[in-house]
Amino acid sequence: MNSAAGAFGERAIASAQGIRQALSGDGVVAMYAEKALPPEAFALPESAPERLVNLPDRTALFVGRRRELALLDTAFREANDVVVQAVHGLGGIGKSTLAAHWAAGCVRSYNPVWWITAESPADLDAGLAEFAVALQPALRDVLSREALRERAVQWLAGHEGWLLVLDNVSDPADVKALLGRAPGGRFLITTRRASGWHKVAEALSLDVLEPAEAIELFERIDGSGEDVEALCRELGHLPLAVEQAAAYCAEAGISAGRYRELLAAYPEEVFAQSAEGTDQTRTVARVWRVSLDRLADTPLAGRILGVIAWWASEGIPRAYLEPLGSPVEVTEAVRRLAAHSLIKVHDDDTISVHRLVQAVGRAEFDASHEAAHVLLDNSGALRAVDAELTWLMHLEAMAGRTDPENDGEYEAWLFDMGGFTAEAARAVELHERAAAAAERTFGPSDELTLTTRGHLAQSHGYAGDRIRAVELLEENLADHVRVLGPRSKLTFEARSALADAMVEAGRFADALSLARANVRSAEQALGDRHQTVLGARSTWAKALRRAVETDTGSDATVAARAIEELLVKISAVEGEDSMIFDICHWQLIWVCKSAGDIEGAAAHFEECITRRGRIFGETDGVTLSTRRALVRFLWDTVGDLGRARDQAVLLLADWERLVGETAYVRDLRQDFAPLLTPPGV
């Protein structure tokens, strides 16, 4: 039945014919093409249709996650008010798969169970509008999206017993209003945002799969085979990467080992590939492209990601990043990387990054030389053995990830420095790489090239090949004389290095003769107070000490007096906390022992440890090694077992505290076992 409508007053509006015709008070008529509203438009449904479920098909490949499923069960079961759980983590870590699997198990407990992709506010609005249509299908083509969205929110606000999954939320602010208007609901949110949820939701961090779970996921898609475990480890047990690799291997007919080879050689291309029939938007490269794009307004974040991509994935000290910007800039960049789950920040002031994020970072940012530079900058702060081991760990990671053919100046210095920190056999390899980088960058006659060659020769001696060390140092000395001349300080230092190698090779007479001649020539060229001259004298002192120790005809007392006089000269120029004084004083300890002055040697030992604590740090490897030598000295030479035992207990405790249960600690414990466990105990 239609009724007439009148309009009264200036420009008043009346409606007629089901809001198809509008008449104004001044006689203007407007025609509308709107449909008449159905009865459903005038009231919200009292309840949702039975078993109203909208979930993605992502559960077929679900594996593991018992802890996270249990936490979700507990959170939703025990709460009486609104429950909001935000599952956050790195893109591709399986947040959506977990949410879909858990929600699928809730269809008997909640109604509706509804999934909304909520990456942007527009996506959220569209998802809510679709939810309103699912509640009342007759309204699909009648109301605007805005009106449908509002009806969905009103229905949620007035009902309980439903579960809404908001997938891939970018910003907590995007969903805060909705959460506030539906106080009786159950929300499960997935997001890459690791922060900002403290006033909005209870956060649940999702990590990678366990190794066995990653293998299970791979084998569900491609069956079993060789190298699956190694490939999953290489992929960091990231679910999306494992799934992507397995599907690709199955379709391409290649092994897991072959995929690893492709990944190592062409990471950027491999991360962008997916098998036919899979979601082309859900590759590792594309998933992380979103996060990288969101960091475009913080260039330092990308720069940091490019640098740490070349280091080890765990235990990166935040202090390493300080050279990259001001404290505020670096802090903000780290915060944003962590907020987007690209890195993790830990309570011990370290950060970690997934190894595949590193692989993408290496492909995305050309920052290997800067990574070497930053790591080199941090080599000067190594005053503890644990810090030294951490630094070496990152250097080794970088050595394994960079092509030696691309090494430049920074890599030459870095690997040269690393050679003095690594074990003997590895030191040779690092010094070889440093020398090759220096020669490639600056040529065979550059000072850096000559220096790194000398260090390479010395490392052969540390590794036990003392004859080879002498041969290489003789060649290096000849190159110094030819290139730099006989009166260059570097030439005198090269001759000292050769004399030192002769000492280690047992050629004590040759070493003494060469060291004396070197001191005389250096004094004539540079003066008797020059640091290079004092260094040459310390080499002479080492040769003298070893000659005394092996030649019973030598007068150890006279040698001790000569070294003491030398120490006075060095102290006057360099001070007692100089490296040259320390090297020379170390020789005095053993000459005093040879002279029978055990008490004097012990006193010098204590003095040496105190000084090395000042120079290197109390927990530096040099200081700790000296303490180990003192234990042996007290034990074997002095015969003071009680004091030796006390020192051993303290030293072992310090090593355990610093590095934990390592091979070195086990060796140390075994070495001290007879002392710590006397016979009959």
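For the reader, a short list of remarks on this structure follows.
- From the list Ala499, Ala525, Ala517, Ala478, the one residue that fits, being more than 22 Å from Glu447 (Cβ to Cβ) and either out of contact with any Gly (no Cβ under 9 Å at 6 or more places or on another chain) or surrounded by fewer than 21 Cβ atoms within 10 Å (Cβ to Cβ) (or both), is Ala517.
- From the options Ala173, Ala214, Ala157, Ala241, residue that is more than 30 Å from His346 (Cβ to Cβ) and either aromatic (Phe, Trp, Tyr) or not in a strand (DSSP E or B) (or both): Ala157
- Checking each residue in the range 191-224 for being on the phi > 0 side of the Ramachandran plot and out of contact with any Pro (no Cβ under 7 Å at 6 or more places or on another chain) picks out only Gly223.
- Scanning the range 301-342 for residues being over 27 Å from Asp403 (Cα atoms) and free of Cβ contacts under 8 Å to residues at least 12 places away in the same chain gives a total of 4.
- For Ala246, the conditions (1) in contact with a Cys (Cβ under 6 Å, 6 or more places away or on another chain); (2) within 21 Å of Val360 (Cα to Cα); (3) not charged (D, E, K, R) all hold with the exception of (1).
- Residue within the range 423-441 that is assigned to a helix (DSSP H, G or I) and under 22 Å from Ile580 (Cα atoms) present: no
- Some residue of the range 125-148 being buried (at least 19 other Cβ atoms within 10 Å of the Cβ) and assigned to a strand (DSSP E or B): no
- Some residue of the range 120-130 being under 34 Å from the mean Cα position of the chain (by Cα) and in contact (Cβ under 8 Å) with a residue 40 or more places away in the chain: yes
- Members of the range 305-349 that are surrounded by 21 or more Cβ atoms within 10 Å (Cβ to Cβ), part of a helix (DSSP H, G or I) and hydroxyl-bearing (Ser, Thr, Tyr): Tyr320
- Some residue of the range 628-646 being closer than 17 Å to Val385 by Cα and either among the polar types (S, T, N, Q) or at pLDDT 95 or above (or both): yes
- Any chance Gly196 is in the same structural domain as Leu135 (by TED's automatic domain parsing) and touching a residue at least 12 places away in the same chain (Cβ under 8 Å): yes
- Extreme residue, modelled with the highest pLDDT, among residues of the range 281-293 that are farther than 15 Å from Glu269 by Cβ and more than 21 Å from the chain's Cα centre (by Cα): Asp293
- Filtering Ala132, Ala48 for residues that are aliphatic (A, V, I, L, M), at pLDDT 90 or above and not assigned by TED's automatic domain parsing to the domain that holds Arg355 leaves a single hit, Ala132.
- The residue that is farthest from Glu564 (Cα to Cα), among those in the range 498-534 that are in a helix (DSSP H, G or I) and of a type in the set (Lys, Arg), is Arg520.
The values are calculated or read from the model by the stated rules, or taken from the named source; none is laboratory data. Note that this is a predicted model, so its numbers are computed, not measured. So basically every Cβ, Gly included, is an ideal-geometry build from the backbone, and we count neighbours across all protein chains shown.
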